[in-house]
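Q: Structure provided below as structure tokens; questions to follow.
The values are calculated or read from the model by the stated rules, or taken from the named source; none is laboratory data. Every value quoted in this text rests on a predicted model; they were computed, and no experiment measured them. Ideal geometry is used to build each Cβ from the backbone, glycine not excepted, and the neighbour counts take in all protein chains shown.
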Amino acid sequence: MTAPQQQPNHPGKSPQQVLVTGFFALLIPLLAVAALANSFFGGPAYEKDNATSAKAKAVRLQKVGTVELRDANRPLSTGEQVFKAQCSACHATGAAGSPKLGDAAAWGPRIATGFEALVHSALKGKGAMAPQGGGNFNDTEVARGVAYMANAAGAKFAEPEPPAK
Ligand code: HEC
């Protein structure tokens with residue numbers, strides 16, 4: 001019905017607004033150039049820190065996949081070492097109903113199930129025994145611990161070797 005009203009103060013045309021727009025139009029490219037220059041020539045302070053700190057050097061020098069490499073290459077513990085470090089907590093005394101080291105009567109029926117079955121129990125856990133005997137050894141070492149204990153009770157299992165790479 002009525003014609004669209006003319007805006008009384010049309011935006012973007014006042015002298016102040018032209019100034020403000022011009023200011024930002026200059027500022028933004030300037031900031032961008034400054035940021036670029038900084039990343040080429042200087043780098044933010046935290047990056048310089050990182051580049052020289054001892055930790056940063058260690059990170060750059062570390063081998064890729066250190067954890068795996070160390071685990072794969074470290075000498076394996078013997079069955080006796082594994083037993084002393086870990087399995088002995090229960091098996092030295094027969095704690096928690098475990099077959100005691102050297103107790104042929106307790107070990108005999110278990111040895112009869114075969115080495116694989118015993119290793120399986122030690123790796124997966126059985127009864128009160130947690131998987132891996134509850135600890136930090138790898139599978140080969142746990143198997144060595146099994147062989148050590150079973151042999152102490154009359155078995156003749158060979159000390160297992162790590163799987164070929
Ligand atoms: C927390 C106590 C505990 C620790 C530590 C422990 N065991 Fe046991 N282990 C037991 C108990 C209890 C049993 C008997 C489980 C059953 O027959 O129910 C057992 C049984 C076994 C058996 C016989 C499994 C079977 O099938 O009859 C083997 C082999 C064995 N342990 C190996 C190990 C090895 C190797 C370690 C160390 C890496 C270890 N254990 C550490 C408690 C322990």
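Q: For region 80-94: of the residues being hydrophobic (A, V, I, L, M, F, W, C) and surrounded by fewer than 19 Cβ atoms within 10 Å (Cβ to Cβ), which is nearest to the ligand (Cβ to nearest atom)?
A: My answer is Ala89.
Q: If I ask for residues that are free of Cβ contacts under 8 Å to residues at least 60 places away in the same chain and surrounded by 18 or more Cβ atoms within 10 Å (Cβ to Cβ), which ones from region 107-142 would you list?
A: Passing the criteria: Trp107, Arg110, Ile111, Leu118, Val119, Ala122, Met129, Gln132, Gly133.
Q: Out of region 84-104, which residues are polar (S, T, N, Q) and under 12 Å from Gly127 (Cβ atoms)?
A: Of everything in region 84-104, just one residue is polar (S, T, N, Q) and under 12 Å from Gly127 (Cβ atoms), namely Ser98.
Q: Here are Gly125, Gly145: which of them is in contact with a helix residue (DSSP H, G or I) (Cβ under 6 Å, 6 or more places away or on another chain) and over 10 Å from Val82 (Cβ atoms)?
A: Selected residue: Gly125, the only one of Gly125, Gly145 that is in contact with a helix residue (DSSP H, G or I) (Cβ under 6 Å, 6 or more places away or on another chain) and over 10 Å from Val82 (Cβ atoms).
Q: Moving on. Is it the case that Ala104 is farther than 29 Å from Ala164 by Cα, in contact (Cβ under 8 Å) with a residue 12 or more places away in the chain and surrounded by fewer than 14 Cβ atoms within 10 Å (Cβ to Cβ)?
A: Yes: the conditions hold for Ala104.
Q: Restricting to region 110-165, name every residue that is in a loop (DSSP other than H, G, I, E, B) and either within 8 Å of the ligand (Cβ to nearest atom) or in contact with a Ser or Thr (Cβ under 6 Å, 6 or more places away or on another chain) (or both).
A: Thr113, Gly127, Ala128, Ala130, Gly135, Phe137, Pro160, Pro162
Q: Still on this structure, I have one more. Can you find, within region 67-83, the residue that is modelled with the highest pLDDT among those that are over 27 Å from Gly127 (Cα atoms) and assigned to a helix (DSSP H, G or I)?
A: Once the filter is applied, the top-ranked residue is Asn73.
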